[in-house]
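First up is the structure itself, then whatever we jot down about it.
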Amino acid sequence: MTPAQLSRTVLHTVRRAVEADELCVDVPERVKVQTPPRPGCGDYATNVALQLARGRGEGAAARIAEVLRRRLVGTPGIAAVDIAGPGFLNITLDARSHEQLLGVVLEQGDGYGLGDGLAGVCLRFAPADEVRAELVLHVVKGLVEGCGGRLM
């Protein structure tokens with residue numbers, strides 16, 4: 001399971017929970033999953049429960065996180081879901097998900113992670129005048145071009 005697939009899975013889980021009247025929240029356009037800040041906190045983490053709980057009072061994030069945890073834990077590819085802190089979801093993928101992700105990376109090779117989100121966009125940056133700035137510019141150029149954009 002790729003991070004994008006996991007993001008869509010979590011979003012779909014929110015949507016299903018709303019449809020089943022388990023949650024009464026506005027479904028976001030997308031859900032961000034990322035690598036947890038500390039080792040031992042699963043493969044990915046999301047703060048979607050905290051976002052959905054804004055303005056709903058103390059403990060709302062934990063209640064929302066529990067609904068999502070219960071629904072996600074039975075999803076193929078997910079081995080475990082833990083709630084951390086006030087409502088973060090830490091998601092651990094099963095071994096097969098890691099194998100599938102590796103297969104996707106190997107299949108796509110150098111094209112893995114590239115996209116077209118900046119297709120047709122041309123960004124202009126000032127010339128780099130020191131080594132550090134030149135390095136940052138080089139990294140930004142790679143990111144922009146990896147998303148289909150151009151850097152001037």
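The values are calculated or read from the model by the stated rules, or taken from the named source; none is laboratory data. All values reported here derive from a predicted model rather than from experimental measurement. Counting neighbours? That spans all protein chains shown, and the Cβs are built from the backbone with ideal geometry, glycine included. Protein only, heavy atoms only, side chains kept; ligands, DNA and RNA dropped before computing areas. Shrake-Rupley method; radii C 1.70, N 1.55, O 1.52, S 1.80 Å.
As an exercise: evaluate Val31 against (1) touching a residue at least 12 places away in the same chain (Cβ under 8 Å); (2) of a type outside the set (Lys, Arg); (3) over 20 Å from Leu101 (Cα atoms) and give the number of the one condition it does not meet.
Every condition holds for Val31 apart from (3).
Contact list please: Cβ distance under 9 Å, first residue in segment 99-120 and of a type in the set (Ser, Thr, Tyr), second residue open to solvent by 60 Å² or more (accessible area, probe 1.4 Å), pairs at least six apart or on different chains.
Close Cβ pairs (under 9 Å, with a partner that is open to solvent by 60 Å² or more (accessible area, probe 1.4 Å)) amount to Tyr112/Leu106.
Could you tell me whether segment 8-27 includes any residue that is open to solvent by 40 Å² or more (accessible area, probe 1.4 Å), at pLDDT below 95, small (Gly, Ala, Ser) and more than 24 Å from Gly146 (Cβ to Cβ)?
No, the conditions are met nowhere in segment 8-27.
How do the pairs read when you match residues in segment 1-20 that are under 14 Å from Arg70 (Cα atoms) with residues anywhere that are surrounded by 15 or more Cβ atoms within 10 Å (Cβ to Cβ) and polar (S, T, N, Q), using Cβ under 8 Å and keeping only pairs 6 or more apart or on different chains?
Partner pairs satisfying both residue conditions: Thr9/Thr75; Val10/Thr46; Thr13/Thr75.
Could you look through segment 73-130, keep only residues that are among the polar types (S, T, N, Q) and modelled with pLDDT under 85, and pick out the one that is most open to solvent (accessible area, probe 1.4 Å)? Give the derivation first.
Going residue by residue through segment 73-130, those that are among the polar types (S, T, N, Q) are 75, 90, 92, 97, 100, 108.
Cutting the leftovers down to modelled with pLDDT under 85 gives us 97, 100.
Numbers: Ser97: 3, Gln100: 90 Å².
Here the residue is Gln100.
Return the residues of segment 137-152 that are assigned to a helix (DSSP H, G or I), more than 20 Å from the chain's Cα centre (by Cα) and surrounded by 13 or more Cβ atoms within 10 Å (Cβ to Cβ); say none if nothing qualifies.
At the first step, the residues of segment 137-152 found to be assigned to a helix (DSSP H, G or I) are 137-146.
Next cut, more than 20 Å from the chain's Cα centre (by Cα) only: 137-142, 145.
Matches in segment 137-152: Leu137, Val140, Lys141, Glu145.
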